[in-house]
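Heads up: the structure comes next, in structure tokens.
Read the figures in this text as sums done on the coordinates, not as results from a lab. Since the structure is predicted, the reported quantities are computational estimates derived from the model, not experimental observations. Neighbour counts run over all protein chains shown; Cβ positions are idealised from the backbone, glycine included.
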Amino acid sequence: MKYLKSITDSFGKIHKFKLVKGAGIYIHIPFCIKKCHYCDFCSVLYDHTLLDLYVDTLIKEIDYRRDETCLIDSIYFGGGTPSLLDDYQISKVLETVNNAFTINKNCEITLEANPASYDLNRAKRLIKSCINRISIGIQSLNDDELKILGRIHDKKKAVESIEIAKDAGFKNISVDLIYGVSNQDLLSWSKTLKEIISLNPQHISTYELTFNENTLISRDNRLQKASEEVIEKIYLYTVQFLTKSGFIHYEISNYSREGFHSVHNMNYWTRGKYIGFGVSAHSFDGFKRSANTSDINDYIALINDNKTATKDMEYIDEEKAKEEQIFLGLRTINGINKELLKGKDGIINRLYRGGLIEFFDDRIRLTSKGLILSNEIILQVL
Ligand code: SF4
């Protein structure tokens, strides 16, 4: 891995960021015990037989798309609930990846886990299988909010899952949280954040709840999205609280202790190459983006018929690549090179006077206030 030149944050502190020179691998495990009320990810209900068949198919796809010359800096098991894989399945998938690609010896290997899906012995075995980063879907430490979200765990289980991961020996623990749950106020969110900090994870992702079409939460008339005002307060509080607690706000929704940013996700935001395996997984080779079919039966049939599972493909021309650099870069602490916004002095001056952007070196990035309005700002500058 190479190091990006140090970045000075808005407080004048200097941070170093590992950036990959190889590619990332994403492996989608689309099985869950129960569908969460807000979920619009590609997931189906857990079925033992179907999972076995799916893993066999996944192994076939990885082997079929092998490229021993490709260096891999991160592997990410996402879902779904990848912690539903048994030890043998995780080892088998990793062994196949290892045989098919060149794995960097410092490769970051993340597994997303549901708090209700592992105990101490299992967590220890995950480490033995070479998983060196665990990303736990905590979402909230408030039982009422967890019920609204339709999660299968409660606060007690959530806290235990972080303690278990630490006791097992995980040195890189990430926690996912969701804000903007109906009736949530700043007080309940701040309680969750404070308790999470006391458990000392190395990485925290905070996502605003979205009411996507066809989700249970969007069909329930009793539930409403928290107001824009509450969302803004929560966002600004989170930035302030977590940065004061020693976390680096390195991406719009992500915070890490020094050196613990997600290598895998940084690769997405810096337009690095990635290879996605499994149903609905996406890939990018530097020139084109492609996506596998999002129908699990279709995926299994295509791969076992020795056909490609790719359903969508888009070639990225120069103009599109520049747009991607802008909207992905503006999400991060590294911002973008000023050159990318050449000829947009009027907009830039207005955003600067409004306290929405700041300049550093020869670059531009969004301030915390700007990040709240990132979608609108990006539309203005594109
Ligand atoms: S655990 Fe994740 S993928 Fe599974 S249903 Fe819940 S939100 Fe969706």
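Values computed for the structure shown
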quantity	calculated
Förster radius 56 Å - calculated FRET efficiency between residue 143 and residue 298, Cβ distance, rounded to 0.05	0.90
Residues listed by number, region 167-181, amide nitrogen under 19 Å from residue 208 label point at 7 Å toward C-beta	176-181
Additional length obtainable on full extension of the chain from residue 229 to residue 152, 0.36 nm per residue less Cα span	24.8 nm
Dipole of region 2-269, positive direction: furthest Cα of 203, 117, 150, with charges on the beta-carbon	203
Check: region 15-74 dipole with +1 on Lys, Arg Cβ and -1 on Asp, Glu Cβ, in debye	380 debye
Charge dipole (debye, nearest 20) of region 194-249; +1 at Cβ of Lys and Arg, -1 at Cβ of Asp and Glu	160 debye
Cβ-Cβ FRET estimate between residue 14 and residue 218, R0 fixed at 51 Å, reported to 0.05	0.75
Only Lys, Arg (+1) and Asp, Glu (-1) charged, at Cβ; region 2-269 dipole about Cα centre in debye	760 debye
Dipole of region 1-160 [Lys/Arg +1, Asp/Glu -1 at C-beta], most positive-end residue of 39, 26, 15	15
Computed over region 46-101, Kirkwood Rh from alpha-carbon pairs, angstrom	12.0 Å
Region 1-102: radius of gyration over Cα atoms, expressed as a fraction of 2.2 N^0.38 Å	1.38
Between region 249-286 and region 213-245, the alpha-carbon center distance in angstrom	23 Å
Rounded to whole Å, sorted largest first: equivalent-ellipsoid semi-axes of region 2-269, Cα gyration tensor	30, 24, 17
Among the listed pairs 273/311; 320/342; 18/311; 21/124; 320/344, those beyond 22 Å (Cα-Cα)	18/311; 21/124
Net lengthening on full extension, residue 271/residue 338 (0.36 nm per residue, minus Cα-Cα)	22.4 nm
Label-point separation, residue 314 to residue 291 (7 Å along Cα→Cβ), nm	0.8 nm
Mean ellipticity per residue at 222 nm, deg cm²/dmol - from DSSP H runs of n ≥ 4 across the chain, formula -39500 (n - 2.57)	-11500 deg cm²/dmol
Value of relative contact order over the chain, rounded to a whole percent, pairs C-alpha under 8 Å and six or more apart	16 percent
Prolate/oblate/rounded label for region 242-382 (Cα gyration tensor, a/c 1.5)	prolate
Those Cys residues of the chain for which no other cysteine Cβ falls under 4.7 Å	32, 42, 70, 107, 130
Positive-end residue, region 2-269 charge dipole about Cα centroid, Cβ charges, pick of 57, 93, 79	93
Backbone N within region 290-310 under 19 Å of label point (7 Å from residue 49 Cα along the Cβ vector)	296-302, 304
Packing rank of 53-64, 191-202, where each peptide gets the mean count of other beta carbons within 10 Å, highest leading	53-64, 191-202
Sites residue 95 and residue 35, calculated FRET efficiency, Cβ-Cβ separation with R0 41 Å, nearest 0.05	0.85
Out-of-range pairs (alpha-carbon distance over 30 Å; input 16/338; 60/128; 147/288)	147/288
Whole-number percent relative contact order across region 332-381, with pairs defined as alpha carbons under 8 Å at least 6 apart	38 percent
Distance between region 129-176 and region 1-69 - C-alpha centres, whole angstrom	18 Å
Normalised contact order of region 78-224, rounded percent, pairs of Cα under 8 Å and 6 or more residues apart	22 percent
Overall form of region 332-381 per C-alpha gyration tensor (a/c, 1.5; a/b vs b/c)	rounded
